[in-house]
Structures are given as C-alpha cells and as structure tokens.
1. The conditions are (1) without any contact (Cβ under 8 Å) to a residue 12 or more places away in the chain; (2) out of contact with any helix residue (DSSP H, G or I) (no Cβ under 9 Å at 6 or more places or on another chain), and ARG116 fails exactly one of them. Which is it?
2. Taking PHE219 as the residue in question, decide whether it is under 20 Å from GLY24 (Cα atoms), of a type outside the set (Lys, Arg) and open to solvent by less than 70 Å² (accessible area, probe 1.4 Å).
3. Against the condition touching a Gly at 6+ places or on another chain (Cβ under 7 Å) and open to solvent by less than 50 Å² (accessible area, probe 1.4 Å), how does GLY131 come out, does it pass?
4. Among the residues of region 197-216, which ones are aromatic (Phe, Trp, Tyr) and either more than 18 Å from ALA64 (Cβ to Cβ) or open to solvent by 60 Å² or more (accessible area, probe 1.4 Å) (or both)?
5. May I ask you to list pairs of residues, at least six apart or on different chains, whose Cβ atoms are under 7 Å apart, with the first in region 186-204 being in contact (Cβ under 8 Å) with a residue 12 or more places away in the chain and the second being polar (S, T, N, Q) and within 11 Å of the ligand (Cβ to nearest atom)?
6. Going residue by residue through region 160-182, is there one that turns out to be outside any strand (DSSP E or B), crowded, with 17+ Cβ neighbours inside 10 Å, acidic (Asp, Glu) and out of contact with any Gly (no Cβ under 7 Å at 6 or more places or on another chain)?
7. Would you call LEU102 touching a helix residue (DSSP H, G or I) at 6+ places or on another chain (Cβ under 6 Å), of a type outside the set (Gly, Ala, Ser) and in contact (Cβ under 8 Å) with a residue 12 or more places away in the chain?
8. Please state which one of PHE87, PHE65 is hydrophobic (A, V, I, L, M, F, W, C) and either out of contact with any Gly (no Cβ under 9 Å at 6 or more places or on another chain) or without any contact (Cβ under 8 Å) to a residue 12 or more places away in the chain (or both).
Amino acid sequence: MSPPTIYKFGKLPRHVAIIMDGNGRWAKAKNMMRVQGHRAGAESVRDVVKAAGEFGVKYLTLYAFSVENWKRPKSEIHTLMGLLETFLRDELPEMIKNNVRLQAIGRLSDLPENVRDQLHACIHATRQNTGLVLILALSYSGRVEIIEAVHSIIREIKLGHLDSAQIDEQVFNHHLYTRYYPDPDLLIRTSGEMRLSNFLLWQLSYTEIYITSTLWPDFRRQHFAEALIDYGNRQRRFGSV
Ligand code: FPP
C-alpha cells in the first residue's frame, strides 16, 4: 500500500460544514438502487471524518438528514436510519481511538428510538475526547432552529431572566443548537447544486462556499484536501475592504 499523500495546507478552516449531496445520482449513473448510493455515501463519511481529524480541522458538521428528508419514501428513510445506526455502532471504537467527540444538532426527538439511543450512547462515550468535534445534523432545518431560538428567548423573557432590550447577535446565538461551536469557516456542497437547502442559515453568514461537481459517494480524502487548499488561498474580508 502506498503511503498517504502529505498535503500542505495554508490557513486551515477551524470549522467545515458539508452538504453531502448526490448519492441518488451516483447510483442512477451506475444503474444501481438509491440505497446503494447511500451506502457508498456512508463510506465517504468514514473517509472524510478520518481525514478531517488527521488534517487538523477542529469541527466538522455533516448534513446527514434534513427535516424535509422525512418526505422521502418510507423505504429510503428506513435505509438512511439503518445506515446511521450502523455507522454509529461500527465507528464508535474508531472515534474513541481517533479522539473524536460526537455531537448532534436538529430535532433529535424525531429520530427512531434505536437511532436516538445509539446516538446518545456515542455522544456520552466520546464526551471527554479533545480532537475533532464531529457534529451530525439530523432531522435538521435552519428555519426550525431559528424559530426554536425565538421561542426559547420568549420563555426567558417571560421568566424574567432576560430583558428584550438585551437581545443582540450574541444572545440570539446562545439559543441556537450550535451555541457551543464557532460558525463554519468553509461550506462544501457536493454534486454541483448551488443552494443552501435550509442548512445553518444563521451560521453561514460569512462562510466561504466551495461547490464541487463530484458526487458525495466519490468525494473522498483527496477531494476534501482540495477543498481545504482552495480555502487556504482565499482572502476573507467579513464585509471590510
Ligand atoms: C443526499 O443525496 C444525501 C442525503 C439525503 C443523506 C446523506 C446520507 C449519507 C451520506 C449516508 C449516511 C450518513 C451517515 C452519517 C452515515 P440524495 O439522495 O439527495 O442524492 P440525489 O440528489 O442525487 O438524489
């Protein structure tokens, strides 16, 4: 086996978020069932998580299942939930070995009980790890997250813990699922689509966007490295000159 390529990164993004798209198209192009596309996509997840930790990325957020994805055929939802459960079960020893801390954002109460239990077990088992923070977005919707934050703020005001005049970006941020993490520096979307698809709508305000035509099941370590190298060559201005 040849040794892994050593990449030279300039400035590395601290937080990378990924919209993993194109599993279905990958399968279709190969005359396979969509399920097989998702299965191959799960392999890309394994590869990219491992690479992210090795490259020194601190936070990796993966859009694994959106609130809108519940509208897919029952059989496809079943497959995706099964893959998720298998991933969590099989990858736990690897996460422990590689010092990965697992986290999740979204309406986790929507998930089937077996997936939720496995998820919470992994979050608990990796809670002391200090390496890569892997955040799975599950039953996630950016709009729902913002509405939930508004409700949470109203509750605090009603309880007398907050004055409405105090509401600013920092206070609002504190009520989002992502309150413990910095905003993403880089958003990667595979399969060439140019949309946000209700992902991290608040958090992506100043994020650099990288879109590649590579379909998610083909997106592996070297494609991830290419995205990081591209990011390293960018000038971020945050609205200034
Ligand atoms: C988009 O492909 C992908 C998803 C809806 C889910 C992502 C899931 C995985 C990568 C597999 C399992 C995940 C984990 C964390 C183990 P699509 O079906 O929308 O593709 P298409 O647009 O080509 O139809």
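The values are calculated or read from the model by the stated rules, or taken from the named source; none is laboratory data. Only a predicted model underlies this, so the values are computations on that prediction, with no experimental measurement involved. Note that we place each Cβ from the backbone using ideal geometry, even for glycine, and neighbour counts take in every protein chain shown. SASA here: full protein model, heavy atoms, side chains in, ligands and nucleic acids out. Shrake-Rupley method; radii C 1.70, N 1.55, O 1.52, S 1.80 Å.
1. (2)
2. Against the criterion (under 20 Å from GLY24 (Cα atoms), of a type outside the set (Lys, Arg) and open to solvent by less than 70 Å² (accessible area, probe 1.4 Å)), PHE219 qualifies.
3. Working: touching a Gly at 6+ places or on another chain (Cβ under 7 Å): yes; open to solvent by less than 50 Å² (accessible area, probe 1.4 Å): yes.
Answer is yes for this residue.
4. So in region 197-216, the residues aromatic (Phe, Trp, Tyr) come out as 199, 202, 206, 210, 216.
Matches in region 197-216: TRP202, TYR206, TYR210.
5. Qualifying pairs under 7 Å: SER197/SER66; ASN198/SER66.
6. Taking every residue of region 160-182 in turn, none turns out to be outside any strand (DSSP E or B), crowded, with 17+ Cβ neighbours inside 10 Å, acidic (Asp, Glu) and out of contact with any Gly (no Cβ under 7 Å at 6 or more places or on another chain).
7. In short, yes.
8. None of the other options fit; the residue is PHE87.
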